[in-house]
Amino acid sequence: MESHATMNKHNGRALRSFRRLTILGVVSLVLAACSATGSTLPVVESTTPQPDGVTQTSEAGEVTVTATWLAERRAPVFSVVLNTHSVDLDAIDLIALATLKVDDNEVRPIAWNAAAGGHHREGELTFPTTTADGSAVIGPETQAIELVIRDVAGVPERTFRWIVTS
């Protein structure tokens, strides 16, 4: 029969080994999830109209894009968040890649205020409030708006759609 001290010594070693294996397993899972390059994520586009202010997400390629229309301003301003584990997002210029579709009009953004962030970037994407002919971009007859972001992480187009409420 083993002594009480010997049993405690073996139990302590077993417990430490179990903890190490558990930590190693968790770290392995996290690293595998973060380095899933080459895996194809399903394209999740916002095809159902959404009310003002609802946040919508598109997970495709290696970048997740989340857009929220800041509708309380009643202006074409969006909060846009870009997240990834493998792409440098600082080179992405949404002024060149985004458009806003309203009825028969398409307008380009006038500002993308987002600080550099490497793998995580967040900012406001602002469109003009009036078109070239002076009419409101989002007018009293507007029923829906679509924010379209093209060519981010190999995804040709991501579309976010909102219903305009009076």
Determine, yes or no, whether ALA115 is touching a strand residue (DSSP E or B) at 6+ places or on another chain (Cβ under 8 Å) and exposed (fewer than 13 other Cβ atoms within 10 Å of the Cβ).
yes
When you check THR131 against the structure, is it surrounded by 17 or more Cβ atoms within 10 Å (Cβ to Cβ) and either among the hydroxyl-bearing types (Ser, Thr, Tyr) or within 20 Å of THR55 (Cα to Cα) (or both), yes or no?
no
Consider ASP93 carefully, then state whether it is acidic (Asp, Glu), at pLDDT 90 or above and farther than 19 Å from THR55 by Cβ.
yes
Just the residues that are in contact with a strand residue (DSSP E or B) (Cβ under 7 Å, 6 or more places away or on another chain) and farther than 17 Å from TRP162 by Cα, please, taken from the range 91-108.
ILE92, ASP93, LEU94, ILE95, LEU97, ARG108
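Considering only the range 153-166, state which residues are assigned to a loop (DSSP other than H, G, I, E, B) and surrounded by fewer than 11 Cβ atoms within 10 Å (Cβ to Cβ).
So the first thing to find is which residues in the range 153-166 are assigned to a loop (DSSP other than H, G, I, E, B), and the list is 153-154, 164-166.
The answer is GLY154, THR165, SER166.
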Looking at the range 118-151, which of the residues that are more than 13 Å from VAL80 (Cα to Cα) and in contact with a helix residue (DSSP H, G or I) (Cβ under 7 Å, 6 or more places away or on another chain) is modelled with the lowest pLDDT?
GLY118
List pairs: first residue in the range 61-85 and aliphatic (A, V, I, L, M), second residue assigned to a loop (DSSP other than H, G, I, E, B) and surrounded by fewer than 17 Cβ atoms within 10 Å (Cβ to Cβ) anywhere in the structure, Cβ distance under 7 angstrom, at least six positions apart or on different chains.
ALA71/ASP52; ALA71/GLY53; ALA75/THR129; VAL77/LEU70
With the checklist (1) over 12 Å from THR126 (Cα atoms); (2) surrounded by 14 or more Cβ atoms within 10 Å (Cβ to Cβ); (3) hydrophobic (A, V, I, L, M, F, W, C) in hand, flag the one item LEU94 doesn't pass.
(1)
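The values are calculated or read from the model by the stated rules, or taken from the named source; none is laboratory data. As the structure is a prediction and not an experimental result, all values here were calculated from the model. No Cβ is skipped: glycine too gets one built from the backbone with ideal geometry, and neighbour counts run over all protein chains shown.
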